[in-house]
Amino acid sequence: KHTDNIVVIKNNSNFDLKETDGVITDQDDLPIMLLFADCTPVILFEPQKRILGVIHAGWRGTAKGIVSKAVKIFIEEFNAAPELIKAAIGPAIGQCCYPVSEDVAEQLRSSIKKDCDNIFIKAENTGKINVDLKKLNAQQLVESGVLNIDVMGYCTSCNNSLFYSYRADNGKTGRHCAVASIKGQR
């Protein structure tokens with residue numbers, strides 16, 4: 001189930017990761033891993049406060065602004081400065097392979113203030129709209145004050161010999177992962 005639920009792990013706190021699509025921590029040497037097969041992986045790191053987040057931005061989470069919500073948690077719970085946050089957006093289904101209905105496109109469009117860089121392109125003859133989820137999540141980050149954003153260009157569907165793709169494999173596929181950890185200060 002794709003959500004905008006984010007769990008914050010502090011001070012070896014107890015946590016439940018059921019129905020969670022984001023994990024944020026300030027704990028050293030605690031690997032965070034989430035699984036993907038077309039959805040957008042986003043890793044966030046604020047080096048001065050040493051805050052790390054791994055976000056699974058499926059279309060529903062993206063429509064609900066999950067990366068903006070993560071940045072807000074960085075700011076409100078850890079006093080992080082958004083302009084210091086570094087973001088990496090990993091391989092995900094590309095605009096070339098992601099046609100959606102007008103309804104889904106509108107839900108996604110409402111998650112940003114400004115539609116720029118052709119995030120939404122009307123497909124010829126189908127009535128569908130091709131969405132660039134990586135650009136959309138990057139725009140949400142920019143609107144949240146994050147400026148240091150690296151976006152991997154790979155489309156998981158076009159490159160499903162390298163990555164798992166739910167769409168290209170008709171739902172019968174594995175998962176690749178995004179994993180990150182804050183190296184302990186020694």
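Taking every DSSP bridge with both residues inside the chain, close to 70 percent are antiparallel. Working ranking of peptides 38-50, 17-29 by packing, defined as the average number of other Cβ atoms within 10 Å per residue, highest first, is 38-50, 17-29.
Between amide H atoms placed 1.01 Å from N, distances below 5 Å from residue 151 occur with 89, all of them 5 or more places distant or on a separate chain.
With the simple model of a label 7 Å out from the Cα in the direction of the Cβ, residue 143 to residue 76 spans 1.7 nm. Taking the accessible area of the chain, probe 1.4 Å, and keeping the other protein chains in place, the carbon and sulfur fraction comes to 48%. Overall form of segment 109-186: oblate. Here a/c, set by the Cα gyration tensor axes a ≥ b ≥ c, is 1.5 or more, and a/b is not larger than b/c. Once both labels are positioned 7 Å from their Cα atoms along Cα-to-Cβ, the gap between residue 118 and residue 13 label points is 4.4 nm.
Counting lysine pairs in segment 47-91 that sit 8 or more residues apart in sequence, or on different chains, and whose Cα atoms lie under 15 Å apart gives 4.
Were the residues from residue 150 through residue 126 laid out at 0.36 nm apart, the gain over their Cα-Cα distance would be 5.5 nm.
Taking every protein chain into account, the accessible area of the chain amounts to 52 square angstrom per residue (probe 1.4 Å).
The values are calculated or read from the model by the stated rules, or taken from the named source; none is laboratory data. Predicted model, so just to flag it, every value in this text is computed and none were measured. We place every Cβ from the backbone using ideal geometry, glycine too, and count neighbours over all the protein chains shown. Ligands, DNA and RNA are excluded from the accessible area calculation, which covers all protein heavy atoms including side chains. Shrake-Rupley method; radii C 1.70, N 1.55, O 1.52, S 1.80 Å.
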